[in-house]
Structures are given as C-alpha cells and as structure tokens.
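Notes follow once the structure below has been shown.
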Amino acid sequence: MNKRLISLILSAAMLVGVLLTGCSQEEPVDPNAPTKQLASASAKTVSMYVVTENDVSEETAAKVTDAFNQITKAKFKTRVVLHFYTYDNYYTAIEKVIADNAAREAMKEEHQKALKAAKAEAKAEEIPTDSEWFDQFYIKHPEYAEFRETQELTGEDTTAEETETMAISGTENFFITSVKYPEEKVGQLDIIWIDSYDRYMDYIGREWLSRLDDELTASSKKLKEYISPELLAWAKWAGSGTYAIPNNCVVGEYTYMLLNKKYVDKYNYDPATMSNLASTDTASYLADIAKYEPSLIPIVGELPVTNTIYWNYNEETRAIDTDKFCILGEYYSSARTIDPSVTTNMPISARNLFGVSYYTDQLMNIQRYKDAGYIRTDVPVDTECALKVVKGGKELESKYSDDYYINVLEYPRISEANVFNSMFAVSSFTNSLSRSMEIVTYLNTNADLRNVLQYGVEGVHYKVKADGTVERLNHDYMMNILNTGNVFIAHPEENADPKIWEYGKLQNLEIKSELLNCFRVPEKYLVPPEGEVKEDEKVQLLDLDQLKTILDASKEVEEKLKNVKNAAELEALISSTAGMLTNAIRTHSRSTEEKGLYYIYYNWMQDTQLYIPSED
C-alpha cells in the first residue's frame, strides 16, 4: 500500500473518530460509549422549532444546523432539522403545521376509503390490483399521491436504515460508508418551544403535546439533576403530568436592606435586630445618623413596601396581578410558600390592607423618614449612606458586603413566568418521542450543544474570552439565552459577570413560590351556562360589579398615597380607607361568600389539590 493511500486511510479514520465524539466539559463520556450506542440505534431525523431574536439567513441557519448535527449525529445518530422563526411568526408557523396535519389526516382517511372502494370494485370485476392498477388509481386521484407507500404494493419493509458509499478520490477500492439520514417528513413536528402558562394549558387541552413523565423516569432522568425541582414540580402540577421541560434559569430577585457597617458599629447597633424598615432599632439608628452625622445621607433611593401581595383582578386574563396596587391584599412571611408537590399548603388570605398593621406600619415609617428629610432620590444609587434598599440577584451580596451589613427583606419568588415562559415540549405529532427527548435532555445537560444553539458557531459567530464570557463577532445569529435551554451550562453573555451562574445557583436554593401562581377565575363563574345545569354543578357568578368598585377605589387611593404630604395626612388616609367598602371587601375576602373572588380561589386550591383541608 503506497504512502498516499496510508495517509488517506489514517485521515479518514481520524475524521470518523471526530464525528463519533460528542463529549463536553459538562458530561465526560467514555470514548467507546457513543460507538456502542450508535451501533444499536437507527438513524432518525427530528425537527426542532426555535425562536430567534432576529431573522436568520439561510447561510447562517445552515452553519448552525451543521454544527448542531455534528454533535447529535455522533452522540445519538440523530439529524436535527432546525427551523428558525422570530417570535412574531413562531406560533403562526407551529399552528399552520398542526392545521395542515389535521387537513392531511382527513385527506388520508378519504384516501383509505376511496382505495378500499376501488379495490372492492376491482375484485368484483376480477381486475388484478397490481402495480399498473395502482398507477392508474393515483393518476385518477392525484390528490392522494402522497399517501401511496411502497409497502402497500410489495409488502416490503421500507423503514430499514440506508447508507451511502463515497469513493476516495485517487485510490482504488477504498470507500467510506456513512449513514444516510431520512428526510424530514411532511408535517413532522417534534421539538417546540412554549412561551406561557396559558399556551401550555391550551396545547395540553388540544392534545398537541406529548406526555413526558415516562421519559423523565428513564432515558431523560438526568434532567432532574440539572433543572430546579421547583420548576419541574410546577410544570407537572399544572398539566396533571409533565408536558414540557422548563428551561432552567435564575429565579426572581432579592430585596436587600443595606446598613452601613462603619456607622452601625460606631453607634453599637446589632444589624440582626434591624430586620426591616419598621423596626425600632432601624428608626433609632437613622435618628442617630441624622443627629450626629450631618454630612452622611441617611437613606439613598426610594423605600418600597415589602412582603405584600395585592389581589388586583385582571378582567382580560382572569388572573390576579399581585404586584399591582389594590386595597384588597395580604401580608406574607418569607417562610410562607406554596409547594405543588405537597398538599399541606395554606391558601393566602385576602383583606383590606389598610387594616393590616404590618402594611400600614411600613407606610407610616416610610412617610416619617420622608418628613424627617432622611431620603434622597436625587443622588447616584451608589452614594455612601447609612441605609439603602436594593433589588437584584445574589451577586449584590458580593458587591456590597465589604461596606454594608445585608439583611434580606424579600426572597426570590418563583413566578408563573419563571416556570412557563420558556419550555421545550415534544408535540404529539412527533416522529420519535424518545429521540426528541434525547435532544432536549442533552440541550439541558451538555454545554457544547447548548452553546451552539445559543451562540452559533465558535469562531464564526462568537469567541470565548479568557473570563469565560462570550464576545460576539457579528449579529448574524442572535438568541435570547432564556429561550434556548439551561442557562447554567451556557457561556455567560457579553458584559455579564463571569460568575453570574455561580450566584444564580446559590440564589435558586432560596427561592419561594408565588402564592397565586396559575390561578385563573374559571369561565363557569363568569358566563351564565346555557341550558339545564345539574344541581351539584350550579355556581354563583363572580360579583364583578362589587369587584370593579374595589378596583376603582384602589386607583383613587393609590393616587392619594402618591400625593400625601406628611404623616398626619397619611394617617387620616389609612383610617378612612380601612373603613371603606365594607360589604364589597367582605364579599371578595371570605371563603364562604360564593360570589366572591376569594371563594373561587379557595375552591380552586382544593380542586387542584394544592390545599386539602383537615377533616377536623
């Protein structure tokens, strides 16, 4: 064998070795493992629809798809056809495929009936249904041509894996055999992205999504090691089964109160006793600063009311906006949460906030600090001061810990958006559930695949800097890092803190659940039923008139709060608001008032088994 031929053979062997390796720093793999897996697996093609920040050119799409498939073909013997759409066009494209599938299925049934009838007619006339007969049938019915299958004519299995052979130029009798992947089928819809709780529930209800629980206990069980259990628990609870995998992300934000170490120590205060803005020691500390440290600003920035949930009903979405002011609300402790994996939760209450001392004490203390001239909002946020309140991630502790004692006023809360606004699902029209879930699992556990989908081709679309963050080389391929998989195994974005994911992992260990996640007022409480209704299914309709009265009054009170000039005015406002709309507040804050918002919520908690009352 000549030297040139030997060189070519060695090069080919090296190429095959590269193609059969899908290892990453996140998941070390035995070099023999992919070969064993590939030997037993059949070649598959799956589709994956992803949402992009801007339009992706055909050239860019081809480069990213090729890089993606270098990993998936070697690891799983799977070719992935990536379809790129901007958000504005994404669900139009998805639902067109689904609609076309429905139309195709109807046409397929027509084809089967027409073919059966034609065969019966041919049999009656003793006409053989051979290849020529089928040719004539499909000439007569061209609309059914796509449903003609070779197996129907010959009885042969046409699903066997195909290979293709490539001759090496300049050699004799030397070839490389490679797998020939099947083409994407018409109407094939495998991996799709879900953007909200409402869409998730809608697609489950329409039976457009595959249930994934069996996969999560078998080939995809590794996902449970990489995705926050709270995210998976909420996804499973909502659908009474898991129909999509949330993209792991940093959840929520903290509200921190920062106390200047130098002056807390100087005046012998204990930061542990200064747990909130309304504490006696906090007020005394600020008074000392104002009296003895005239050059130091007592407070920089606005002071928020914390640990409060508002029951502000949104008539359009039928949900509760817990962050939008409403006089109907409740205080909650940092320890209080709702865990969808247990049934020992307690429903959050609802009442007139202006009769809740924790809430009104905060309002009064903040106003007194304003009256005393403690608060400055016209200086940079990082100006040295005695106290400030900041919101953000765990990284703020590192930023401020040298100079300030840090007390947590509010812990991160896992919102509905954290769970449902970015998920990957496998459609019920999938070509292969197991193969699709292998891709979803690897995307959440393998950094190499994850970074290809997020950033494109290294050296073409981005490069990795020494600190581990990326530098974009162009804007040909732009994706939202929250929408492309597990954020914690991706390179941090440009200009991000290189330790951002380390902080995020610590933050996710302290998350609490939002107390009104996923609650919607059911339609049956809003629209009178048509026809007769069984006695045990009758319900009182929500008293929207009274509820709107509360919401309108809340707007007026909020405006008055903004314009309060001093503590005396605020105290008068609190007093007058605490006694207003007594009947309306009672209707919508009690579990026994059938026309009320709280009654509906209380029953929803039981219907969904988030709360099971004791039998005592």
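The values are calculated or read from the model by the stated rules, or taken from the named source; none is laboratory data. This structure is a prediction, so every number in the text was calculated from the model and none was measured. Here the Cβ is made from the backbone with ideal geometry for all residues, glycine too, and neighbour counts use every protein chain on show. Side chains are part of the model used for accessible areas, which takes the heavy atoms of the whole protein and leaves out ligands, DNA and RNA. Shrake-Rupley method; radii C 1.70, N 1.55, O 1.52, S 1.80 Å.
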Here are some values of semi-axes √(5λ) of the Cα gyration tensor in Å: [x] 43, 27, 22; [y] 57, 36, 18; [z] 55, 30, 22. Which one was computed from this structure? [y]
Which whole-number percent is the relative contact order of region 44-140 (Cα, under 8 Å, 6+ apart)? 29
Could you list the residues of region 448-474 with an amide nitrogen less than 14 Å from a label point located 7 Å from the Cα of residue 502 in the Cα-to-C-beta direction? 467-469
For the chain, what does -39500 (n - 2.57) per DSSP helix run (n ≥ 4), summed and divided by total residues, give at 222 nm, in deg cm²/dmol to the nearest 500? -12500 deg cm²/dmol
List every residue whose amide H lies under 5 Å from the amide H of residue 220, counting only residues 5 or more places away in sequence or on a different chain, with H placed 1.01 Å from N in the peptide plane. none
Treat every Asp and Glu Cβ in the chain as -1 and every Lys and Arg Cβ as +1, leave all other atoms uncharged, and give the resulting dipole magnitude about the Cα centre to the nearest 20 debye. 1300
Taking every DSSP beta bridge that has both residues in the chain, what percent is antiparallel when rounded to the nearest 5? 65
Distance in nm between residue 55 and residue 225 label points, each 7 Å along Cα→Cβ, equals 4.4
Once you have the Cα-Cα distance between residue 323 and residue 196, take 0.36 nm times their residue separation minus that, and quote the gain in nm to one decimal. 43.9 nm
For region 514-519, in order, what is each residue's ³J(HN,Hα) by Karplus, 6.51 cos²θ - 1.76 cosθ + 1.60 with θ = phi - 60°, in whole Hz (x at glycine and Pro)? 5, 7, 10, 3, 6, 6
Amide proton proximity set for residue 52, modelled H, under 5 Å, gap of 5+: 85, 86, 87
For residue 314, put the label point 7 Å out on the Cα→Cβ axis and report which residues of region 586-603 keep their amide N under 19 Å from it. 597-598, 601
Please give, to one decimal in nm, the separation of the simple spin-label points placed at residue 287 and residue 112, each 7 Å out from Cα toward the Cβ. 8.4
What distance in nm separates the two pseudo spin-label positions at residue 86 and residue 558, each 7 Å out from Cα along the beta-carbon direction? 3.2
For the Cα atoms of the chain, what angle does the longest principal axis make with the long axis of helix 544-563, in degrees from 0 to 90, nearest 10? 60
Considering amide H positions built from the backbone, and no H for Pro or chain starts, which residues 5 or more places from residue 414, or on another chain, come under 5 Å of its amide H? 512, 513, 514
So, R0 is 22 Å and r is the distance between the beta-carbons of residue 265 and residue 333; what FRET efficiency does that work out to, to 0.05? 0.15
Could you provide, to the nearest whole Å², the per residue accessible area of the chain with probe 1.4 Å? 51
If you take the charge dipole of region 404-497 about its Cα centre, with +1 on Lys and Arg Cβ and -1 on Asp and Glu Cβ, which of 474, 417, 437 is farthest toward its positive end? 437
Would you mind counting up the charge near residue 282? Only other residues with Cβ under 14 Å from its Cβ, with Lys and Arg at +1 and Asp and Glu at -1. -2
Greater than 20 Å apart at Cα, pairs in 266/370; 262/399; 370/562; 399/465; 185/224: 266/370; 399/465; 185/224
Counting only C-alpha contacts under 8 Å and six or more residues apart, can you give the relative contact order of the chain as a whole percent? 19
Expressed in nm to one decimal, what extension gain is obtained for the pair residue 408 and residue 566 from 0.36 nm per residue of sequence separation less their Cα-Cα distance? 54.1 nm
In whole percent, the fraction of accessible protein surface over the chain that belongs to carbon or sulfur atoms, probe radius 1.4 Å, stands at 48
Would region 205-331 count as rounded, prolate or oblate if I go by the C-alpha gyration tensor, calling it rounded below 1.5 in a/c and otherwise prolate when a/b exceeds b/c, oblate otherwise? prolate
Selection from 484, 544, 507 lying farthest towards where the dipole of region 483-560 points positive, charges on Cβ: 507
